[in-house]
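Asks: What follows is a single structure, and I will ask about it in a moment.
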Amino acid sequence: MSRIMVVDDERGMREFLEIMLTRNGHQVVQAKDAQEAIGWLANHGVDLVLTDLRLPRGSGMDVLAYCKRTAPSIQVIMMTAFATTENAIEAMKLGAYDYLIKPFKVDEVSVVIDRALERQRLERENVELKSKLDARLAAGRLLGQSAAMREVYELIAKVAPTRTTVLLTGESGTGKELVARAIHTRGPRADGPFVPVHCAAIPEQLIESELFGHVKGAFTGAAANKPGLFEIASGGTVFLDEISELPLPLQVKLLRVLQERRVRRVGAVEDSEVDVRVIAATNRDLSEAVVSGDFREDLYYRLNVIQIRLPTLHERRADVPLLAEAFLNRFAEEQGRSIEGFTDAAMQLLSDHPWRGNVRELENTVERAVTLSTGTRIDVSDLPGSVISGVSPTAQPAASAPLALDVPDEGLDLESALDAYERILIEKALARAGGVKKRAATLLRVTFRSLRYRLAKLGMAAADSGEAHE
């Protein structure tokens with residue numbers, strides 16, 4: 001339940017909004033003028049203020065200024081008559097979330113308030129993530145004493161104080177988002193939001209609206225103005241994960257944002273300024289994607305100002321014991337377990353394993369071991385069969401090797417088994433399609449973009465020779 005303040009000199013309007021908001025599960029506080037509102041806010045907290053622009057004893061702008069000065073997390077929505085929309089737009093530039101033109105519909109008010117409260121939730125989560133980041137780093141998510149990791153730390157320290165665009169490269173599971181968060185947290189934008197965007201996870205027809213926002217009526221279902229993630233991240237950082245999956249038309253618009261620091265919502269006729277730092281990440285070779293026509297060359301050079309390549313866990317094998325111990329401590333604490341460490345035999349198996357899933361695979365393996373262990377130390381019997389056998393679950397199986405459809409006595413890693421099964425089906429589809437990925441995607445009844453994402457996830461991005469025929 002959220003607490004909302006309604007500020008309006010018309011009693012009927014205040015009561016109408018209180019009834020509507022109470023029915024939606026919110027607690028409502030009323031104020032009839034600017035001074036009453038500010039006086040109440042001085043001693044109490046609210047999540048959102050819904051205020052008329054024109055008020056006795058001040059104005060809605062005074063209420064907005066007070067909120068932004070004393071409690072920036074409070075979302076402020078302006079109500080205004082058509083004749084004063086210019087002032088309402090000015091209020092948005094000063095930090096208001098949105099404005100409503102009187103008379104308005106109940107559904108319109110509900111949608112705008114829900115979006116404002118969702119934005120507040122995201123901002124509060126960002127604050128919590130910042131406070132937890134150092135603990136997460138200490139817990140082993142971005143640990144390492146190897147020469148490869150020391151080089152990464154040095155680059156983070158150099159780029160963090162700047163606003164330079166950074167491109168993070170490396171295989172899946174190497175910790176690219178954690179490096180992005182570290183750059184953000186250690187830089188001058190640490191107090192601003194950190195907004196991660198997984199480009200491959202957003203449907204292509206929605207990604208423009210998600211990134212850049214839309215105006216009311218821009219398309220079916222656009223019941224109200226909506227800020228995009230770039231606007232939400234203003235003053236902070238946007239992390240564009242799997243940037244190689246961004247559709248070509250959106251690549252043009254992203255290039256413009258990087259060059260001009262301005263965005264245009266879907267359906268809008270004017271731009272809005274945004275102050276964001278962009279960090280992008282990919283597990284593909286973008287230079288090859290440029291050659292194949294999947295990625296714009298000008299955007300590639302704009303993103304590739306500073307490149308930080310994250311090493312595979314195989315390249316930093318000396319860090320495995322340190323990471324494993326850190327993961328063990330974290331999961332044991334989370335599960336309320338008292339586990340002292342690993343037996344020598346178990347640690348030797350972890351150190352020798354190829355870890356084709358990188359740090360993420362190691363993390364999942366340790367979490368599983370902590371969950372299933374019944375002793376005071378993690379032993380060989382607590383590890384998944386893939387680690388005991390010394391074969392990574394993402395390794396390519398022999399063509400004649402049957403897929404085990406039983407659960408062995410020592411158990412198995414379900415995600416790894418599913419990945420192995422998915423790999424076999426994709427390989428068979430590619431073989432039947434003559435190596436042409438688009439045909440293979442049709443056989444598997446998935447989109448081409450989805451197949452490319454799965455290939456990258458399984459480390460099969462360069463598995464076929466039909467790229468030129470796509």
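The values are calculated or read from the model by the stated rules, or taken from the named source; none is laboratory data. Quantities reported herein were computed from a predicted structural model and do not represent experimental measurements. Heads up, the Cβs are rebuilt from the backbone with ideal geometry, glycines too, and the neighbour counts pull from every protein chain shown.
Asks: Can you spot a residue in the stretch 245-255 that is farther than 30 Å from residue 291 by Cβ and touching a strand residue (DSSP E or B) at 6+ places or on another chain (Cβ under 8 Å)?
Replies: No, because not a single residue in the stretch 245-255 is farther than 30 Å from residue 291 by Cβ and touching a strand residue (DSSP E or B) at 6+ places or on another chain (Cβ under 8 Å).
Asks: Just to be sure I understand the filter: pairs with C-beta atoms under 6 Å, separated by 6 or more residues or on different chains, first member in the stretch 290-313 and under 23 Å from residue 357 (Cβ atoms), second member among the acidic types (Asp, Glu). Which pairs pass?
Replies: Correct list of pairs: 312/171.
Asks: Right, here's the next one. Report yes if residue 263 is surrounded by 15 or more Cβ atoms within 10 Å (Cβ to Cβ) and over 30 Å from residue 94 (Cβ atoms), otherwise no.
Replies: No, not satisfied.
Asks: Which one is nearest to residue 101 (Cα to Cα) among residues in the stretch 201-218 that are assigned to a loop (DSSP other than H, G, I, E, B) and small (Gly, Ala, Ser)?
Replies: Start the filter on the stretch 201-218 by keeping residues that are assigned to a loop (DSSP other than H, G, I, E, B), which leaves 201-206, 215-218.
Next cut, small (Gly, Ala, Ser) only: 201, 217-218.
Details: 201: 35, 217: 14, 218: 17 Å.
Checking each candidate, the answer is 217.
Asks: Taking residue 170 and the conditions (1) at pLDDT 90 or above; (2) over 25 Å from residue 284 (Cβ atoms), which numbered condition does it fall short on, given that it satisfies the others?
Replies: (2)
Asks: Here's a follow-up. Out of (1) crowded, with 21+ Cβ neighbours inside 10 Å; (2) part of a helix (DSSP H, G or I), what's the single condition that is false for residue 355?
Replies: Here residue 355 meets the rest and fails (2).
Asks: Residue 161 is checked against (1) closer than 22 Å to residue 234 by Cα; (2) at pLDDT 85 or above; (3) not assigned by TED's automatic domain parsing to the domain that holds residue 302 and fails just one. What number does that condition carry?
Replies: Against the list (1) closer than 22 Å to residue 234 by Cα; (2) at pLDDT 85 or above; (3) not assigned by TED's automatic domain parsing to the domain that holds residue 302, residue 161 comes up short only on (3).
Yes or no, residue by residue, for (1) farther than 26 Å from residue 224 by Cα; (2) without any contact (Cβ under 8 Å) to a residue 12 or more places away in the chain; (3) out of contact with any Asp or Glu (no Cβ under 9 Å at 6 or more places or on another chain):
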| position | (1), (2), (3) |
| --- | --- |
| 26 | no, no, no |
| 31 | no, no, no |
| 43 | yes, yes, yes |
| 63 | no, no, yes |
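Asks: Restricting attention to the stretch 261-280, does a residue exist that is of a type outside the set (Ser, Thr, Tyr), closer than 25 Å to residue 144 by Cβ and part of a helix (DSSP H, G or I)?
Replies: Going through the stretch 261-280, the residues of a type outside the set (Ser, Thr, Tyr) turn out to be 261-271, 273-280.
Still in the running and closer than 25 Å to residue 144 by Cβ: 277, 279-280.
Checking which are part of a helix (DSSP H, G or I) leaves us with none.
Looking through the stretch 261-280, none of the residues is of a type outside the set (Ser, Thr, Tyr), closer than 25 Å to residue 144 by Cβ and part of a helix (DSSP H, G or I).
Asks: Let me ask another. Got a number for residues in the stretch 155-177 being under 17 Å from residue 243 (Cα atoms) and small (Gly, Ala, Ser)?
Replies: Residues flagged as under 17 Å from residue 243 (Cα atoms) and small (Gly, Ala, Ser) within the stretch 155-177 amount to 4.
Asks: Considering each of 277, 337 in turn, give the residue that is outside the structural domain of residue 236 (by TED's automatic domain parsing) and not small (Gly, Ala, Ser).
Replies: On inspection, the qualifying residue turns out to be 337.
Asks: Please state which one of 287, 351, 272 is among the hydroxyl-bearing types (Ser, Thr, Tyr) and farther than 29 Å from residue 195 by Cβ. First the steps, then the outcome.
Replies: Working: 287 fails: farther than 29 Å from residue 195 by Cβ; 272 fails: farther than 29 Å from residue 195 by Cβ.
Matching residue, one of 287, 351, 272: 351.
Asks: Does residue 37 satisfy the condition of being in contact (Cβ under 8 Å) with a residue 12 or more places away in the chain, out of contact with any His (no Cβ under 9 Å at 6 or more places or on another chain) and in a helix (DSSP H, G or I)?
Replies: Answer is yes for this residue.
Asks: Please go through the stretch 80-125 and pick out each residue that is part of a loop (DSSP other than H, G, I, E, B) and either under 16 Å from residue 234 (Cβ atoms) or touching a Ser or Thr at 6+ places or on another chain (Cβ under 9 Å) (or both).
Replies: Within the stretch 80-125, 94, 95, 96, 97, 102 meet the criteria.
Asks: Quick one: is residue 315 surrounded by fewer than 22 Cβ atoms within 10 Å (Cβ to Cβ) and in a helix (DSSP H, G or I)?
Replies: Taking the combined requirement at face value, the residue does not satisfy it.
Asks: Residue 221 passes all but one of (1) touching a residue at least 24 places away in the same chain (Cβ under 8 Å); (2) more than 27 Å from residue 459 (Cα to Cα); (3) assigned to a loop (DSSP other than H, G, I, E, B); (4) not β-branched (Val, Ile, Thr); which number fails?
Replies: Here residue 221 clears every test but (1).
Asks: Still on this structure, please answer the following. Taking the options 272, 287, 292, 234, name whichever one is in the same structural domain as residue 178 (by TED's automatic domain parsing) and within 21 Å of residue 179 (Cα to Cα).
Replies: 234
Asks: Any idea which of 69, 57 is of a type in the set (Lys, Arg), surrounded by fewer than 16 Cβ atoms within 10 Å (Cβ to Cβ) and part of a helix (DSSP H, G or I)?
Replies: When all the criteria are applied, what remains is 69.
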